[in-house]
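Notes follow the structure.
FYI, it's all coordinate maths here, none of it is from the lab. What you see is a predicted model, and the numbers here were worked out from it, not measured in a lab. Cβ atoms come from the backbone with ideal geometry, glycine included; neighbour counts cover every protein chain shown.
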Amino acid sequence: MKRAFLPLSRLSPIAILKKLVSLDNHPALGKLGDFTTGPRLLVISLIALGLGVLSAFLAVVLLNMISFFTNLFFFGKFSLDSVSPAANNLGVFEIFIPVIGALIIGVIARYGSERIRGHGIPEAIEAILINGSRIEPKVALLKPVSAAISIGSGGPFGAEGPIIMTGGAAGSIFAQFFHLTNSERKTLLVAGAAAGMSATFAAPVAAVLLAVELLLFEWKPRSLVPVAVASAMAATVRHYLLGSGPLFPVPSHPDFIGPVALASCLLVGILAGLLSLILTTLVYASEDAFSHLPLNWMWWPAFGGLVIGVGGLIFPRALGVGYDTIGTILAGKATTEIIFGVLLVKSTIWAVSLGSGTSGGVLAPLLMIGSALGSLEAGFLPNEGAGFWALISMGAVLGGTMRSPLTGIVFVLELTHDLNAMLPLLIATVVAHGFTVLFMRRSILTEKVSRRGFHLSREYSTDPLEIFFVREVMRTNIAVLPDQTTLKEIGKSVNWQGHPEKNPDLPQHSAGQHLYPVVNAYQKLVGVVARKDLLKLLSHSEDMTVPYNLGMVGLVKREPVVAYADEPLKGVVYRMAEANLTRLPVVDNKNSNKLVGMISLTDLLKARTRNLEEERHRKRLLQLHFLFHRRPAEQPEVTTEV
């Protein structure tokens, strides 16, 4: 990640090691298996179970707060009834409602916590990767309040980003009361975030996938199981608090749409990817524009609120979460006014207000904008039923904009319960994802993290250090010192260049080996000694021919940290980082202390080099003409006589 780090060229080898590895849960020698998870998983899962219940109640509180502020701002009453701001009768005065809400948010952010600004998901990512999975308690309180005010005053956002941040904050705070590692705190933070999303949308599987694709940055049972436990528990509790899904029921669609319609999904994916690119560009172009204002950032949301108010006056359905509008579009009842109102007005006010730094989520707006694009496409694509292309485009825009294709597919399936759409969704969403990967360096979420000075890679792959063993890269051509020797022999081994007049037979150049194993007569490792210590010993010695017992002097470090020939390289990296070393002697196995070689940080890089070669070196293994190869006709032997 690109943060306030020194360049690698300025870091010591030890510092590089410690940046490359995490010191938790590495496999013990002799216990290699598919996974490294231990019984600790049960404890974390039990805590996650409680977080699932808590996050479900937090989701209900947030949704009720949104309803409360919507009624207060647009209808002047104290009520928790679910209403749409589009039904207000304020007329032109409606313009000022989002401005008032934005001013309140600016004050909360300035004097409460700046962390309440933004989507919610980038802030959770930053807490996980930079802040040791620690979120301040006041963020857990201020984030849902600010989001409820933002959405309740007409902000065109969703509740999922704030509830993800709120649930994550609850998990982080809960974890800080226990003696846990950073990795375990991260797991509980993400468990709370996934549980909040699961309870909000009745989408437990999509919540887990979102955690994997966006928040966990690993695919390990130690984190996946607790997150899944929390999400499942939240979905169960939601059934009793809010009812079951689907959130957006849709008409039935055919189980197979035919080759022409499947080919049309390619076009839907490309257009969704293009729209994702446009939306992301609009959001950050707005942010750049606000950054040039000669005003403190606390006033930016007010200008964004003014844009929201004008947009709401033009197209009232653009205000608020807009679940009712999404349902209308998916039911195939969207008018031309709704389609273009969402694509033009909703997209604009959402991008501008989000760029102003207010508080709100991105999932619900992307669902609405994507479904509107699909409704527009339905005018020239094959007719596969009411709302079909709106549903497919909705998933494609979500997966492409967030760079989370699996989440986009499963999320739409859980929101609609339309399993017949699985294959078209797969095609369109993956195409949209591929489009944005090729044409956008970062997603709408990771761009936010990047602008705060960090770099985030979202590609998962097998670590080559887990595949290669020490025996494959260790050096066997090394200098070894017997514990019973002479100073002259020691000098030859280390290529000592001091006092040549005393030792005319010694080589006059220095060697590259910095650590020397000391062995006994049975080639068993006694200890190690540093080259600098040997040179100091030789420099202060007069008679180079006297016998010397290295094993008896204080130079030799006994019981050194060692590597084993039959262990993966990753275990060696962990051990080097923990011991603050860059080279280790290698012994045969854990039960034998027989020296077989040495391994250093340079040797560990051989695995990386081999991995790079596999990725970059292209060669043809089979050639087509071999299959039709004809044996050449025999040529007559030609002889030349002189």
Mind jotting down the distance between the C-alpha centroids of region 76-121 and region 375-425, whole Å? 31 Å
Taking a spot 7 Å from the Cα of ASP255 along the direction of its beta carbon, which residues of region 410-430 have an amide N less than 16 Å from it? 418-424
Among (i) 44.0, 144; (ii) 32.2, 119; (iii) 24.5, 79, the entry derived from the coordinates for Rg and Dmax of the Cα atoms in Å: (ii)
For a quick protection proxy, order the peptides 515-526, 300-311, 349-360 by their average other-Cβ count within 10 Å, most packed first. 349-360, 300-311, 515-526
Using amide H atoms built in the peptide plane, which far-off residues or other-chain residues are under 5 Å from VAL596 H to H? VAL586, VAL587, ASP588
Measure out, as a whole number of angstrom, how far apart the alpha-carbon centroids of region 190-243 and region 32-57 sit. 12 Å
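Within the chain, which whole H helices from DSSP have a Cα span along their axis of at least 27 Å and a mean Kyte-Doolittle hydropathy of 0.5 or more, if any?
Membrane-span-like by this rule: 40-75, 221-241, 258-291.
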Residue-ordered couplings for region 444-454, obtained by feeding phi - 60° into the Karplus form 6.51 cos²θ - 1.76 cosθ + 1.60 and rounding to whole Hz (Gly and Pro as x), are 5, 8, 6, 4, 5, 5, 4, 6, 9, x, 10
May I ask you to order 268-275, 607-614, 462-469 by the average number of other C-beta atoms within 10 Å around their residues, highest value first? 268-275, 462-469, 607-614
At 222 nm, what value in deg cm²/dmol follows for the chain if DSSP H runs of at least 4 each add -39500 (n - 2.57) and the sum is divided by all its residues, to the nearest 500? -17000 deg cm²/dmol
At 7 Å along the Cα-to-beta-carbon direction for both LEU42 and ASN520, put a label point, then send me their distance in nm to one decimal. 4.3 nm
So if R0 is 30 Å, what FRET efficiency would VAL61 and ASN131 give, r being the distance between their Cβ atoms, rounded to the nearest 0.05? 0.75
A correct fewest-to-most ranking of GLU567, GLU472 by other Cβ atoms within 10 Å would be GLU472, GLU567
Here are some pairs, LYS333/LYS448; LYS524/LYS557; LYS143/LYS333; LYS492/LYS557; which of them have Cα atoms lying more than 26 Å apart in this structure? LYS333/LYS448; LYS143/LYS333
